[in-house]
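Notes for the one structure printed next.
Read-outs: derived from the displayed coordinates by stated rules, not from any lab. Small disclaimer: the values here were computed from a predicted structure and weren't measured. Backbone-built Cβ (ideal geometry, glycine too); neighbour counts: all protein chains shown.
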């Protein structure tokens, strides 16, 4: 199966580390020009250098780093303008930026709700609003919304993050229906327990003597496959959906979770 993306331009938010970086790297290996969006210029520069230095990335693939707060409409508009100017129209949009703020419902303030929705939901809406028309005009496009399995099976004390993610799943279905007649395919990938920088931060916040490696092994015990997934495994599925190999898949929310989520 050929998952090449030669000649495409892919925009990935939250691309400076973790899943975002893994997806951007896989796209670049597959021949796509990639636009990395994140808030921190120093970490973005490191991510750009890592992709450019990978021996599997062919000469001629362009990698652009764009500082952008996806929760800021003006930042989004400016970054998109720069991407089109430097790399060309966006063919693949991956809405991956987000945090994992969660707590008891009565402890979540309006400010926290607004910040979470601005980043995860409205960030995706605004970037899609900018890129969707060009995809429709060119009769080719891919949008991937990175969500969490909590969007399908929300546990207690998981607001606001799972509510924002569930809204993202609904957005995916709406866009898929509108994009399908124009060969613009829209899907969601739902994260389960994946080894990432977010997992490292969560371990650090526990203030435990347990090593990160042991924490990852222990956390993986809850997964039917008996381990946590890797960012590369997640990126492989994203690359499949972003390429012509996934040409008849749209409007789906795919669990990449080793069988963890009780909802298909």
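In cubic angstrom, how much convex hull volume per residue do the alpha carbon atoms of region 20-107 span? The partial results should precede the final answer.
Details: hull volume 10.2 nm³, N = 88.
Taking the convex hull of the Cα positions in region 20-107, it is 116 Å³ per residue.
The GNM of the chain, with springs linking C-alpha atoms under 10 angstrom apart, assigns the highest mean-square fluctuation among 96, 145, 236 to 236.
Dividing the convex hull volume of the alpha-carbon atoms in region 153-201 by its residue count gives 97 Å³ per residue.
Comparing mean-square fluctuations of 35, 47, 222 from a GNM of the chain with C-alpha springs under 10 Å, the top value falls on 222. Could you tell me how many degrees, from 0 to 90 and to the nearest 10, lie between the Cα long axis of helix 73-87 and the main elongation axis, the longest principal axis, of the Cα atoms of the chain? The two axes meet at around 50 degrees. In the chain, the longest principal axis of the Cα atoms and the axis of helix 161-179 are about 30 degrees apart.
Here Rg and Dmax of the Cα atoms in Å was computed from the coordinates, and among (1) 20.6, 70; (2) 17.7, 55; (3) 17.1, 48 the match is (2).
Listing 9, 208 from the residue with the fewest other Cβ atoms within 10 Å to the one with the most, what is the order? Could the numbers behind the result be given before it?
Numbers: 9 23, 208 11.
Going from least to most buried by this count: 208, 9.
Comparing 184, 34, 84 in a Gaussian network model of the chain, where Cα atoms under 10 Å apart are tied by springs, the biggest mean-square fluctuation is seen for 84. For the chain, the longest principal axis of the Cα atoms and the long axis of helix 123-138 meet at an angle of about 30 degrees.
Distance between the 7 Å Cα→Cβ label points at residue 252 and residue 214: 4.0 nm.
Over the chain, calculate the relative contact order: mean separation of alpha carbon pairs under 8 Å at least 6 apart, over the residue count, as a percent. Show your work: numbers first, answer last.
Values: 507 pairs, mean separation 53.4, N = 264.
20 percent.
Taken over the C-alpha atoms, region 71-198 has Rg and Dmax values of 15.4, 47 angstrom. Spatially, region 104-138 and region 162-201 are offset by 12 Å when compared through their Cα centroids. Counted residue by residue at 0.36 nm each, then reduced by the alpha carbon distance between them, the extension gain from residue 170 to residue 2 reaches 57.5 nm.
Can you list, largest first and rounded to whole Å, the semi-axes you get for region 82-152 by taking the square root of 5 times each eigenvalue of its Cα gyration tensor?
Numbers: eigenvalues 183, 33, 18 Å².
For region 82-152, the ellipsoid semi-axes come out as 30, 13, 9 Å.
Helices in the chain, meaning DSSP H runs of at least 4 residues, each add -39500 (n - 2.57). Divided by all residues, the mean residue ellipticity at 222 nm is -13500 deg cm²/dmol.
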